[in-house]
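Let me begin by presenting the structure, written as structure tokens, before commenting on it.
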Amino acid sequence: MAILPIVTVPDPLLKKVSEPVEKVDDKVRAFLDDMLETMYAAPGIGLAAVQVGKLWRILVIDIASDDEEPNPMYFINPVITWTSEEFNTYNEGCLSIPEQYADVERPAECKVDFIDYNGDEKEIHADGLLATCIQHEMDHLNGVVFIDYLSKIKRGIYVRKVKKLVREKEE
Ligand code: NI
């Protein structure tokens, strides 16, 4: 396993639409393992493949709290098939927009079809933090990050802050 470098805004890669995975083979599974390790090391609760430079429709998520057992979830080619009419607001963050947070409103529940780590077709009905996290990560697959929901001015401020953070890290 390996910890992969995480792409941050304003990298144009984050605006790209990811492609479906054709087959879940050992190469894909090794990549899933690397994604999970990268997410845990960051640390974060969700990661999309594009955030580590690969345009595959893949997410890893683990929303277990520190006092719970790890509960890694793998979503390959996920498709949202239903969203609730009720909305939820969460203060969201993103490993590609480090140390910046903003309230984002999304459907409170969603149903998702996906392929799991073993290549089996699955469906999940998510609510709470998991529903938000899935929708946030699915946005990445379509070239959208959470600051795209904010005003242009706020977005600019966030991007400048991230650029400064990244510069400082490199020094
Ligand atoms: Ni994100």
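The values are calculated or read from the model by the stated rules, or taken from the named source; none is laboratory data. Since the structure is predicted, the reported quantities are computational estimates derived from the model, not experimental observations. Cβ atoms come from the backbone with ideal geometry, glycine included; neighbour counts cover every protein chain shown. The accessibility values were calculated without ligands, DNA or RNA, using every heavy atom of the protein model including side chains. Shrake-Rupley method; radii C 1.70, N 1.55, O 1.52, S 1.80 Å.
Couple of notes before you dig in:
- Computed [θ] at 222 nm, helices only, for the chain once each DSSP H run of length n ≥ 4 contributes -39500 (n - 2.57): -9500 deg cm²/dmol
- log10 of Debye I(q)/I(0), alpha-carbon scatterers only, for region 12-170 at 0.21 Å⁻¹: -1.55
- Residues in region 100-135 reached by a label modelled at K154 [backbone nitrogen below 17 Å; 7 Å Cα→Cβ]: 100-107
- Other residues whose C-beta falls under 15 angstrom from the C-beta of E121 contribute a net charge of -1, scoring Lys and Arg +1 and Asp and Glu -1.
- Here the label points at A30 and V17, each 7 Å from Cα along the C-beta direction, are separated by 3.0 nm in the simple model.
- Cα→Cβ-extended label distance, 7 Å offset, between D116 and E99, nm: 3.9 nm
- Stokes-Einstein diffusion for region 36-98 at 4 °C, viscosity 1.567 mPa s, with a Kirkwood radius from C-alpha pairs, works out to 97 µm²/s.
- Mean Cβ neighbour count within 10 Å, used as a protection proxy, ranking 133-140, 92-99, 18-25 highest first: 133-140, 92-99, 18-25
- Just the protein heavy atoms count here, and of the accessible area of region 12-170 at 1.4 Å, carbon and sulfur take up 49 percent.
- Charge context of R167, other residues only, Cβ under 12 angstrom, K/R +1, D/E -1: +2
- Simple spin-label estimate for A64 and R167 gives 4.1 nm between the two label positions (7 Å along the Cα-to-Cβ direction from each Cα).
- Unit charges on C-beta of K, R, D, E only; dipole of region 12-170, Debye: 1320 debye
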